[in-house]
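Participant: Quick one: this structure, given as structure tokens, is what I'll be asking you about.
Each value in this text was obtained by applying a stated rule to the coordinates, not by laboratory testing. All values derive from a computational prediction rather than experimental measurement. We place every Cβ from the backbone using ideal geometry, glycine too, and count neighbours over all the protein chains shown.
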Ligand SMILES: Nc1ncnc2c1ncn2[C@@H]1O[C@H](COP(=O)(O)OP(=O)(O)O)[C@@H](O)[C@H]1O
Ligand SMILES: Nc1ncnc2c1ncn2[C@@H]1O[C@H](COP(=O)(O)OP(=O)(O)O)[C@@H](O)[C@H]1O
Ligand SMILES: [Mg+2]
Ligand SMILES: [Mg+2]
Ligand SMILES: [Mg+2]
Ligand SMILES: [Mg+2]
């Protein structure tokens, strides 16, 4: 294992120290927690938005704290949901009296810990609601699974719910926007290499020299299928073909696209993938209104990418264009 | 070699297609070239700024094309300086009559190819000047080398010369700003793993399981010294200690910092490095005015990072704060 | 089970978790995300420390302290679930002399809590597939530490043949078969530790 | 050297570069950035194609065509240098019957061009360390293709012991010793190709 770290047990706190040092003009660390909040939190007259999850997905989630997006982000240990007390601290830090929306990725751990935090907050009279993001089409949404995972589509939820909250909308309205995004966003991921947990130093799965792992999540879990490494265009086509049917797109529909690197993929390759995504959408007479290419929701040093498609209408497009000062998503 | 690519001979053109598809509202491809220019180039009344170099450094250089930064970027083959005819096309595409500044990184190939392009442009009556960036302290600036290399500090040159040009300044003034940045910016890089050229599929150098390569450039060249992998804080200290003496910093001087990932380094690690950089600067009573953490000047999928320190004054701080619409550097 | 034995339960469990940290993590790497041992070892180290640092009046107090610590130090799926289990056991044990049927009540309360939090049932390849057989054994034959340990072991081993439909392993569907469930294995050690603690003088 | 032989020089050279592409690249990986073979093979494939696609009146025209193609297709450090060398040779050959002293004039012009572009001198572990000995040999003993090839080979091999002070290899300082200079090796093949072309009927 080769990592630029010190004590593996301190990676989260040292990362957060470095993050706050870099962005001290706009964010602050809530004392004795792993919560990063806007410097001016709570923002009066605004619904607070809290997201978070395990660490190792940087720039998620702290990178999305800022005007136009989140009010606070909670970091758990690497790939481990944060605990209820930490989430509760975040809720308290951002509640201005207008209520707080929790953005939760659909994992058993995240859902339980955030729900317990919500219970703690409600017990103190804070109005809390939640949205559960489940955009990963690699997982079947059936009673035989815990449902689809929340992956890179979460970033769109941050952006659009964040923009909505900035308008002074109510908790219910902000939640509605978030739900609308969840309903219209789908993602599929592929890995070319595993990632390595700092604490164990072990590779998350084994992959042959010419193999890829299709349908991976963002925690180094094995995907749904090992396949031979083929050309980028073929891999991209397979991913897009799995995403599009779930969105029931018609001709002249509009979408926003995110091609997200998993951590170690050269940007060159992400753009090569993006080229093919656009080609496939054009073939289907679907218009791409916005494209985001880069690292938005990673798995440490995993190589690979995910493709996210969000079906947009005028409201969502407007919210996408709204300004954002979050370090990892400036518009 | 595992890469998300198609034909290795087409990576540059396919990448540029994907790039322009993603950012079609702000950039365009100059036909039959590898030049990416602002959509509205040439911008009248403004000095044009052209940068470029080999590919494999993404988001450099096309990611810095946009209002507030570059007018055009020229992409060579992977790690290979673009040819004079391509650079000449870029110059022609951005010259509004106020002249064009070439930002060249100090490599024999880049300097020769850009100079030849400048000769071609001058022969056609276009006013061209140039600045050569040489921020890499790993290389001695002596008659026994070709002088220090240009690495991540180049991004600051793009930003500040770009902001200056946006004010309507003359070619001479823009060049002066660029030169001022060059004089006050220094960088040092380290690799934890080599990168792999798409065309040969070979690792750029060999490194043991517990070894790092100190003083690397951005082309997968071997560094100046192999060393054992130690804690991030130690590595960071060694790098900062090599940079600071070259800047002759005094107490209460101000600097901007860039912690740049080489391509495969998790952002978590970059922030852990940033934490130590700030600690070291605070110890020396140096104030950090701006911090940039992320991937700005990469070497394909190399793991590692570089640290850049730019000594700033009021003028440079103001130019740093000026807006930028470049996809890879929004402010 | 007196208050000292209850404390010993937690400290013994922590010892097992430290010893089995890498094993549990490697199990989780196969069908999950490779952090179960790390999470449990981190959280229960804190719980054991908290329990050792104070003197408690009752077993219920010990369990409550452990519950609160686990809840705020483990994280992931196992944190809320073990935290809830400990908290519910504390509540069921409150004011009671812990023996015989009280164990059954405690386990039942824990299982209810786990089910409510995790919305899982038996047969879904989770820790419940150890807890529920243990409860059934205690209900049908009365509480006997050695039997509990044996039942837990068999139940833990039986998770190998199950297909996961809850937790991260469910993403793998049939591919989850053939691997032990990490949470079932860590639950097995909880009952091993209980048997050990009860063998000691109070 | 008639016009056909000049064209053959370029096409033979391209053949050598395609064959030696991986070798040249691996040399550049040791003390540079691992692209020399790739750059040269890409550019001279185009140059050979361009030369084959047309019929030329004079050797100077062939060399000019090759120069322009190399200049716009090789890139890196070697592109401008080989492009300049070919262009200067074309200029020196213009209107001349290429033999004897004309070769010396051509090589001298090429060297002047390389030096002016690259600001290097001999002994800095570059392609000049092949070109200059070749010129000296031709100047002192007259032009003989076989001798030229032999001199080029010896000079190329001698770059192994040099410490680079120009080009990318200079970053390695003393560590550049013990490796052949990639550009010296590709220059050696240029003279090998010249000898081959001259052996053929025009
Ligand atoms: N819904 C659930 N009900 C009961 N137990 C569960 C549930 N989901 C997961 N588990 C248990 O949690 C264990 C995984 O814990 P851990 O690895 O610490 O959390 P995470 O899955 O969040 O990484 C599984 O092996 C399983 O026994
Ligand atoms: N200043 C110079 N003068 C003469 N030859 C040079 C100079 N710099 C580099 N070279 C030659 O160029 C070769 C490297 O070419 P290449 O690898 O294609 O370019 P780059 O170094 O830009 O990657 C070196 O081996 C050397 O022979
Ligand atoms: Mg986990
Ligand atoms: Mg090169
Ligand atoms: Mg786990
Ligand atoms: Mg080279």
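Participant: Output the peptides C:119-131, B:302-314 sorted from most to least packed, where packing is the average of other Cβ atoms within 10 Å over each peptide's residues.
Facilitator: Ranking the peptides C:119-131, B:302-314 by packing returns B:302-314, C:119-131.
Participant: Also, quick follow-up: Would you mind telling me the antiparallel percentage of the DSSP bridges in region B:8-183, rounded to 5?
Facilitator: 30 percent
Participant: Right, next: Give the calculated FRET efficiency between residue A:96 and residue A:248 to the nearest 0.05, with a Förster radius of 51 Å applied to their Cβ-Cβ distance.
Facilitator: 0.85
Participant: Quick check: Cα centre of region C:39-59 to Cα centre of region B:18-75, how many Å?
Facilitator: For region C:39-59 versus region B:18-75, the Cα centre distance is 60 Å.
Participant: Ok, one more. Which stretch or stretches of region B:90-117 have amide N atoms under 15 Å from the point lying 7 Å from residue B:141's Cα along the Cα→Cβ direction?
Facilitator: Backbone N within reach: B:105-107.
Participant: Inside 10 Å of the C-beta atoms of B:55-67, what's the mean count of C-beta atoms belonging to other chains?
Facilitator: Per-residue shielding by partner chains comes out at 2.
Participant: Can you tell me the order of C:30-41, D:150-161, B:71-82 when each peptide is scored by its average per-residue count of other Cβ atoms within 10 angstrom, highest first?
Facilitator: Descending mean neighbour count gives B:71-82, C:30-41, D:150-161.
Participant: Sticking with this structure for a sec: Mean 1/r over all different Cα pairs, inverted: what Kirkwood radius does the protein assembly as shown give, in Å?
Facilitator: By the Kirkwood definition, the hydrodynamic radius is 31.0 Å.
Participant: Can you compute the modelled spin-label distance between residue A:39 and residue D:101, with each label point 7 Å from Cα toward Cβ, in nm?
Facilitator: Spacing of the two 7 Å Cα→Cβ label points: 7.8 nm.
Participant: Using a cut-off of under 12 Å, list every residue of region B:246-263 whose amide N is near the label point 7 Å from the Cα of residue A:24 along the Cα-to-beta-carbon line.
Facilitator: Only B:255 fall inside the zone, counting backbone N under 12 Å.
Participant: Another one. Quick check: Cα centre of region C:87-116 to Cα centre of region D:94-165, how many Å?
Facilitator: Cα centroid of region C:87-116 versus Cα centroid of region D:94-165: 92 Å apart.
Participant: So for region A:185-320: antiparallel DSSP bridges make up what percent, rounded to the nearest 5?
Facilitator: Here the antiparallel bridges make up roughly 75 percent for region A:185-320.
Participant: A further question on this structure: Summarise the partner chain shielding of B:236-246 as one whole number: the mean count of Cβ atoms from other chains within 10 Å of each residue's Cβ.
Facilitator: 0
Participant: Next question, about the same structure. At 7 angstrom along the Cα-to-beta-carbon line, where would the label on residue B:231 sit relative to the other copies? Give the distances in nm, shortest first.
Facilitator: Between copies, matching label points for residue B:231 lie 5.1 nm apart.
Participant: Now, a different point. Counting only other chains, what is the mean number of Cβ atoms within 10 angstrom of the Cβ of each residue in peptide B:6-15?
Facilitator: Neighbouring Cβ atoms belonging to other protein chains average 5 per residue here.
Participant: Estimate the FRET efficiency between residue B:210 and residue A:179 by the formula 1/(1 + (r/R0)^6), using the beta-carbon distance for r and 35 Å for R0, to the nearest 0.05.
Facilitator: After rounding to 0.05, the efficiency reads 0.10.
Participant: Still on this model: What percent do you get for the relative contact order of region C:44-200 when only Cα pairs under 8 Å and 6+ apart count?
Facilitator: Over region C:44-200, the number comes to 17 percent.
Participant: Could you work out the relative contact order of region A:11-133, using alpha carbon pairs under 8 angstrom and six or more residues apart, expressed as a whole percent?
Facilitator: Rounded, it is 24 percent for region A:11-133.
Participant: Next question, about the same structure. What is the fewest-to-most order of B:102, D:198 by other Cβ atoms lying within 10 Å of their Cβ?
Facilitator: Listing B:102, D:198 from fewest to most nearby Cβ atoms yields D:198, B:102.
Participant: Provide A:287, A:83 in ascending order of the number of other Cβ atoms located within 10 Å of each residue's Cβ, fewest first.
Facilitator: Ascending Cβ contact count within 10 Å gives the list A:287, A:83.
Participant: A follow-up question, please. Could you grab the relative contact order for chain A? Cα pairs under 8 Å, six or more apart, rounded to a whole percent.
Facilitator: RCO, chain A: 18 percent.
Participant: Now for a different question. Just for chain A, what percent of DSSP beta bridges are antiparallel, to the closest 5?
Facilitator: If we restrict to bridges inside chain A, about 55 percent are antiparallel.
Participant: May I ask you to order D:164-170, D:79-85 by the average number of other C-beta atoms within 10 Å around their residues, highest value first?
Facilitator: Those peptides, ordered most packed to least, come out D:79-85, D:164-170.
Participant: OK, next. For a footprinting-style exposure proxy, rank A:119, B:213 by other Cβ within 10 Å, fewest first.
Facilitator: The most exposed by this proxy come first: A:119, B:213.
Participant: With the label 7 angstrom out along Cα to Cβ, how close does residue D:200 come to the same site in each of the other copies, in nm, nearest first?
Facilitator: Nearest first, the other copies' label points are 9.1 nm away.
Participant: A further question on this structure: What does the copy distance list look like for residue D:15, label position 7 Å along Cα→Cβ, in nm and ordered from shortest?
Facilitator: 8.0
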